[in-house]
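Student: Okay, here's the structure, questions in a sec.
The values are calculated or read from the model by the stated rules, or taken from the named source; none is laboratory data. In this text the structure is predicted, and so the values were computed from the model without any measurement. Quick reminder, even Gly has a Cβ in these numbers, built from the backbone with ideal geometry, and neighbours come from all protein chains shown.
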Amino acid sequence: MHPLSHRITRLLHTSTSFAFSALRPSISTQLPHITHRFRNSAIHLHTANMSSMAARLKGKTILITGASSGIGKSTALEFAKTQPEDLKLILTARRIDTLKEIATEIGKQAPGVKVLPVKLDVSVPEEVSAFVGGLPQEFREVDVLVNNAGLVKGMAQAPDINPADISVMFATNVTGLINMTQAILPIFKTRADGGRGDIINIGSIAGREPYQGGSIYCATKAAVRSFTDALRRELIATRIRIIEIDPGQVETEFSVVRFGGDKAKADKVYEGVEPLTPDDIAEVVVFAAGRRENVVLADTLVFPNHQAAATVMHRKSA
């Protein structure tokens, strides 16, 4: 290298090192402040999002079926937590005592939320009609219907499936959901722009991917999916939002009911995996209901991290 070039290179290196050294204390001093400001911005953004949801849900009346346990119960609690000051919840299920306990729990945590617990069998159309027609005045203007009631019975394969199990699954999972939708839609349709309101149907990955030992349950959830898709098309000229949320594996009473109360058998379903919780799905439901009116989360599939399909799961060895 030419002597002059060598001197210039050394000079540049020295100048750069000096400049960086001079800046280093300033950067070190500023970094905590930058980090603090970033953290505050993130907290502010989260709070703003929560405030937006709370504002959109303010004054609304939410009707949840199958609200005595699992996803239904968690959804009721999540709505109350998101908008604790001005909300009405209608909670239905067959176990009225459990619903009353949930209503008491919500009353303690969110005193601004009014709760109406009602014993209801969604599979009986006359019972559903009487229930909706007899709602107290302050609960009549339903804004959101969460069709959550559903169950599964056994894992028998054709031709050994119990006819009673077939009947109860279709009656609750399909007929019940349709009964509730038909009873609530007229309320929605009295509103401006052809109608306003949300129908949120809790489906399942089983409605997309049938599996062995679940033919009837899968068929019921496939029916829910078809009904939901058709309903969305039929109501396209309105402001009524039709939403389907399909969970993958969730740990609820689902498997206990499937195996006739055999807890040990039910626990084996979740062996070596970390399933979703009812709270996980409840958050998605409330998020969907809390979007701006022009935003429709039409079709949502929710998996735990270990799941890739209905029967594709990674299980950790013991």
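Student: In segment 128-167, what residues are of a type in the set (D, E) and loosely packed, with under 15 Cβ neighbours inside 10 Å?
Tutor: E138, D160, listed by residue number.
Student: Given the criteria out of contact with any helix residue (DSSP H, G or I) (no Cβ under 9 Å at 6 or more places or on another chain), aliphatic (A, V, I, L, M) and in the same structural domain as I202 (by TED's automatic domain parsing), does I96 qualify?
Tutor: In short, yes.
Student: Next question. Assuming E234 fulfils every condition listed in (1) in contact with a strand residue (DSSP E or B) (Cβ under 8 Å, 6 or more places away or on another chain); (2) at pLDDT 95 or above; (3) among the charged types (D, E, K, R) apart from one, which condition is it?
Tutor: (1)
Student: Can you tell me which residue is modelled with the lowest pLDDT among those in segment 259-318 that are surrounded by fewer than 12 Cβ atoms within 10 Å (Cβ to Cβ) and of a type in the set (V, I, T)?
Tutor: So the residue we want is V312.
Student: Continuing with this model, one more query. Only one of these conditions is not met by R39: (1) farther than 23 Å from V295 by Cα; (2) modelled with pLDDT of 95 or more. Which number is it?
Tutor: That leaves (2) as the condition not met.
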